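In what follows, a structure is listed as structure tokens, so that the remarks can point back to it.
The values are calculated or read from the model by the stated rules, or taken from the named source; none is laboratory data. Treat the numbers as computed from the prediction; the structure is a model and nothing was measured. All Cβ positions, even for glycine, are placed from backbone atoms using ideal geometry, and neighbour counts span all protein chains on display. Each accessible area value is taken on the protein alone, full model and side chains, heavy atoms only, with ligands, DNA and RNA left out. Shrake-Rupley method; radii C 1.70, N 1.55, O 1.52, S 1.80 Å.
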Amino acid sequence: MRYLTAGESHGPQLTTIIEGLPAGLLLEAEDINKHLARRQKGYGRGRRMQIETDQAQIMSGVRHGKTLGSPIALVVENKDWTHWTKIMGAESLDEDALDEVKRKVTRPRPGHADLNGGIKYGHRDMRNVLERSSARETTVRVAAGGVAQKLLNDLGINICCHVKEIGGVVAQTDGITSVDEIKTLSEQSEVRCVDPAASEEMKAAIDQAKKNGDSIGGVVEVVVEGVPAGLGSYVHYDRKLDAKLAAAIMSINAFKGVEFGLGFEMAKRYGSQVHDEITWSEEQGYARKTNRLGGFEGGMTTGMPIVVRGVMKPIPTLYKPLESVDIETKEPFTASIERSDSCAVPAAAVVAEAAVAWEIAGAIIGQFESDRMDHLQESIERYRAYTKEF
Ligand code: EPS
């Protein structure tokens, strides 16, 4: 299973082409749009989200509400495009018109892709970099993830995300473990946090950052229930599923680290306080008494919930300027910007959920008979029964 995305932040549209899904999966645009709406929410977003109402159009690969097995093309229009048709248009312009409309960017933002991307491709107008490196692209990653999530749901696999920390405010999550509970509580919070008291503190921290012209980051968590044991590989480094999830999360704009279960806390503990004891019962089959390893042993799932977290750095587009250098004059400057999100952690949680859903769906498609949805369902059911009796 693979997908490719295309599109610039202020171009006409974002596109993704998804390939490798079974035929016969029930799929409506609403299965995708509900996740696009979740991604648009979140306290601390800038004005751009008031312009956009992201909706996916299914352009191919689905007929009468069912996938065909052929590539699925999804398109999301950028409403903001109407303000950028000249600046971002594909048509060539003569020199005078270029100077007039281009909004050339020669001042790279510290922490953004601007300077390195400019050096890489020889773009002396770094708008050519920032338009694509913008997190606007995550819209269609969420669209692809929405399709993957529909597949997982129909196979009895449930996934959710929530915000653990923003700007040093940590949510109290003890006792809240089920995906359904996390979903219900996090959807009620403007910062996608299950702890109402921490939600308010997080909002205050975002307000403070905004007031200071600054930005703040945080930690998001994705939890997946119902994944059978043995998904992934201990045999090949590039098929270890935890490694794939880590790469998928690290590939989200502004993410700088990933951990599973106890995560970096493991460095402080004895082995007996880290590994999860194995049990077996008639109704459950194999299980673990605890889930400190976050659902993975040896690059494979254990059948326990997958618990993975990612840390997002504060957004580098700041109202409070940091020092940089103009690439035309080589002079230092400190300039402010027009528009930015002061915190996008709640939205990034939805992106992380989509990235994780995609990787798990891909591992399932790779491991089970998957040309037809009904055969895939049967094949997983057989496997689940087998893992119980093993
Ligand atoms: C982004 C800058 C802002 C964000 C954008 C990511 O957009 P603009 O430059 O239009 O103000 O709002 O995020 C989105 C558009 C989105 O859909 O998430 C950036 O530079 O990364």
Net charge over other residues, Cβ less than 14 angstrom from the Cβ of HIS236 (K, R count +1; D, E count -1): +1
Positive dipole terminus of region 2-389, leading residue within PHE296, CYS193, PHE264 (C-beta point charges): PHE264
Size of charge dipole - region 2-389 - debye, nearest 20, with Cβ of Lys, Arg +1 and Asp, Glu -1, no other charges: 540
Probe 1.4 Å, protein heavy atoms only - accessible area per residue of region 2-389 in square angstrom: 49
Region 252-321: chymotrypsin sites (Phe, Trp or Tyr not before Pro) falling in loop per DSSP and having at most 10 other Cβ within 10 Å: TYR270
Area of HIS123 that stays accessible when all protein chains are in place (1.4 Å probe, Å², to 10): 60
Separation of alpha-carbon centers, region 125-165 and region 8-53, rounded to whole Å: 8
222 nm mean residue ellipticity, helices alone, for the chain (DSSP H n ≥ 4; -39,500 (n - 2.57); rounded to 500): -10500 deg cm²/dmol
Listed residues THR329, THR106, THR279 arranged by accessible area, highest first, probe 1.4 Å: THR329, THR279, THR106
Largest-first principal axis extents of the Cα set of the chain (Å): 75, 50, 38
Residue among VAL223, GLY42, HIS64 farthest towards the positive dipole end of region 2-389, charges placed on Cβ: GLY42
Additional length obtainable on full extension of the chain from GLU277 to HIS83, 0.36 nm per residue less Cα span: 64.0 nm
Extreme residue, positive dipole direction of the chain, given options THR173, ASN212, SER251 (C-beta unit charges): ASN212
Carbon/sulfur fraction of accessible area - region 2-389, other protein chains in place, 1.4 Å, %: 51
Distance between region 256-333 and region 338-390 - C-alpha centres, whole angstrom: 18
Amide hydrogen neighbours beyond the local backbone of GLN55, cut-off 5 Å, H modeled: GLU77
Cα gyration tensor category, rounded, prolate or oblate, for region 182-324 with a/c compared to 1.5: prolate
Choice from GLU277, GLU52, GLU137 with maximal GNM fluctuation in the chain (Cα, 10 Å cutoff): GLU277
